Structure formats: C-alpha cells, structure tokens
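First comes the structure, then the notes that go with it.
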Amino acid sequence: MTYVVRRNEAEYVVLETVEGRQLKRPAQVRVLAESERMNVLEVTMAGGSESPPHVHDHDSVGYIVSGRVRMRLGEQTWELSAGDSFYHPPELEHQMVAVEDPSVWIEIKSPPARTWLK
C-alpha cells in the first residue's frame with residue numbers, strides 16, 4: 001500500500017479514450033492516490049477539448065482547480081470554475097468540456113475506476 005504519492009512521481013497517462021469512447025483531443029491524468037475503495041485523479045484538458053457523452057458504473061466526485069468546465073449531466077448543463085465541485089452518479093450520461101485552456105480538476109472515483117482502460 002502506498003500512503004504518499006509525490007506529484008512528480010504519480011502515474012501519468014495521456015488519455016485517448018474514456019469508457020471506450022474516443023476523445024477528440026487527448027487529456028492528461030495523474031493518479032494521485034489509489035486504494036481498494038477509491039482513486040484520486042488530476043485531470044487536465046486543453047481549452048476546447050471534451051469528453052464524449054458517456055456513462056459509468058461508479059460514483060465520481062470532483063473539484064475544479066483551475067480553468068472553466070461546462071458539464072452536462074443528464075439533461076442539465078452547468079458552467080463550473082475554480083472552487084466549484086460536481087458529482088456524477090452511476091449510469092447517468094454526462095460530458096465534460098474544457099472552456100478555458102487549461103482546465104484542471106481533481107476527480108475521486110469509488111470504487112476505483114481506470115476508465116481509460118476500457
């Protein structure tokens with residue numbers, strides 16, 4: 001079990017897909033912490049980048065660190081900026097669009113999910 005992960009030592013992944021769906025532009029993810037019950041990710045997307053609409057089978061909560069993100073969850077859309085947070089429940093379609101360059105958020109998934117491996 002790893003209890004401390006230094007940012008410069010964190011696993012770094014360039015995402016081409018999310019939940020098996022192709023991204024238009026790659027995103028970057030750092031795995032900041034991981035246990036049997038959750039993982040903590042730092043997600044960075046360039047302005048204009050977006051995830052395809054997708055669903056997943058885990059809870060996902062997040063906190064916008066910098067930039068602005070447009071989040072669609074079901075039929076509702078919000079514009080989020082630094083200091084705002086969000087929740088994506090399982091099985092509800094959602095999409096993230098980076099409005100500013102770069103947009104960075106911390107995302108916690110439970111149970112832990114590496115959605116880029118699907």
Legend entry - Nearest-20 debye value, the chain charge dipole, Cβ charges on Lys, Arg, Asp, Glu: 240 debye
Inset, instruction - Would you mind pulling out the separation of the Cα centroids of the stretch 14-31 and the stretch 52-118, in Å? - result: 13 Å
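Output the relative contact order of the stretch 9-117, whole-number percent, from Cα pairs under 8 angstrom with separation of 6+ residues. Don't skip to the end; give the middle numbers.
Working: 298 pairs, mean separation 36.3, N = 109.
With pairs under 8 Å counted, the relative contact order is 33 percent.
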Legend entry - Note, ³J(HN,Hα) from phi for the stretch 5-14, Karplus 6.51, -1.76, 1.60, rounded to Hz, x at Gly and Pro: 10, 6, 3, 6, 10, 5, 4, 10, 10, 9
Legend entry - Whether the stretch 56-112 is rounded, prolate or oblate, judged on the alpha carbon gyration tensor where a/c under 1.5 counts as rounded: oblate
Inset, instruction - Amide H neighbours of residue 113 under 5 Å, at least 5 residues apart or on other chains, H built in the peptide plane: list them. - result: 39
Legend entry - Positive dipole terminus of the stretch 9-117, leading residue within 99, 85, 112 (C-beta point charges): 99
Inset, instruction - Taking amide H positions as placed in the peptide plane 1.01 Å from N, state which residues far from residue 66 in sequence (5 or more) or on other chains have amide H under 5 Å from it. - result: 104
Inset, instruction - Provide the per-residue ³J(HN,Hα) series for the stretch 70-82, in order, calculated from phi with Karplus coefficients 6.51, -1.76, 1.60 and θ = phi - 60°, each as a whole number of Hz, with x at glycine and proline positions. - result: 9, 10, 9, 10, x, 9, 9, 10, 10, 9, 10, 9, 3
Inset, instruction - Name the long-range amide H neighbours of residue 19: under 5 Å, sequence gap of 5 or more, or other chain; modelled H, no Pro or chain starts. - result: 116, 118
Legend entry - Karplus-derived HN-Hα couplings along the stretch 48-64 (A = 6.51, B = -1.76, C = 1.60, θ = phi - 60°), whole Hz, x at Gly and Pro: x, 6, 8, 8, x, x, 7, 10, 8, 9, 10, 6, 9, 10, x, 9, 6
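Values in this text are rule-based calculations from the coordinates and carry no lab data. These figures come from a predicted structure and were not determined experimentally. Reconstructed Cβ throughout: ideal geometry from the backbone, glycine too, with neighbour counts over all protein chains shown.
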